[in-house]
Amino acid sequence: RRVLLLHGPNLNLLGRREPEIYGSETLADVDDRARALGTELGLTVDARQSNHEGVLVDAIHEAMTDFAAVVINPGAYTHTSVAIRDALAAIPGPIVEVHISNVHTREPFRHHSYVSPVATAVIAGAGTLGYDLALRFVATRI
Ligand code: DQA
């Protein structure tokens, strides 16, 4: 039961980037917690981050065969990337789209997601707890 936890652009700056919006936890903290929770839930969590759209697309392709589920925060690509949406549409397992902030209370350009129509579930505004919730959800589905 392998789960791909995929973080998009600028999420490597977590903890240092706009902490009033995204909090003070670092991405390493998030990934450590996700792996520990995964172990508790019987999941092997493979956490990756990239600032490059094509690298994210390639990682999603791996989920066609090598992962039972994908938890993805596509960052700003949420609002721009047909390529990431199409890659996600090709994979069989459950997909959870996570946003740390509540994108719907923010600028209008963050209100539209190319990813949501192909996601099984969407979590926004729960902070980094959203990743825990996402893992608990996929554990019930795979
Ligand atoms: C984000 C929200 C996006 O609009 C933004 O571009 C991000 C992070 C979030 O986790 O709240 O990079 O996906």
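The values are calculated or read from the model by the stated rules, or taken from the named source; none is laboratory data. Small disclaimer: the values here were computed from a predicted structure and weren't measured. Every residue, glycine as well, gets a Cβ built from its backbone with ideal geometry; the counts of neighbours run over all protein chains shown.
Structure data summary
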{"read-out": "Residue that is farthest from GLU20 (Cα to Cα) [pool: residues in region 88-115 that are more than 12 Å from the ligand (Cβ to nearest atom) and in a helix (DSSP H, G or I)]", "value": "ALA89"}
{"read-out": "Qualifying residue in region 61-75 (condition: touching a helix residue (DSSP H, G or I) at 6+ places or on another chain (Cβ under 6 Å) and among the aromatic types (Phe, Trp, Tyr))", "value": "no"}
{"read-out": "Single match in ARG136, ARG85 (criterion: of a type in the set (Lys, Arg), more than 10 Å from the ligand (Cβ to nearest atom) and more than 20 Å from ARG2 (Cα to Cα))", "value": "ARG85"}
{"read-out": "Unique residue being of a type outside the set (Lys, Arg) and assigned to a helix (DSSP H, G or I) when the list is ASP66, ASP31", "value": "ASP31"}
{"read-out": "Restricting region 1-20 to residues that are in contact with a Lys or Arg (Cβ under 9 Å, 6 or more places away or on another chain) and either outside any helix (DSSP H, G or I) or at pLDDT below 95 (or both), the residue that is nearest to MET64 (Cα to Cα)", "value": "LEU4"}
{"read-out": "Residue within region 94-114 that is surrounded by 16 or more Cβ atoms within 10 Å (Cβ to Cβ), of a type in the set (S, T, N, Q) and either farther than 14 Å from LEU6 by Cβ or at pLDDT below 95 (or both) present", "value": "yes"}
{"read-out": "Residue selected from region 1-51 under the condition β-branched (Val, Ile, Thr) and touching a residue at least 24 places away in the same chain (Cβ under 8 Å), by the criterion nearest to the ligand (Cβ to nearest atom)", "value": "ILE21"}
{"read-out": "Some residue of region 75-92 being modelled with pLDDT of 95 or more, surrounded by fewer than 17 Cβ atoms within 10 Å (Cβ to Cβ) and basic (Lys, Arg)", "value": "no"}
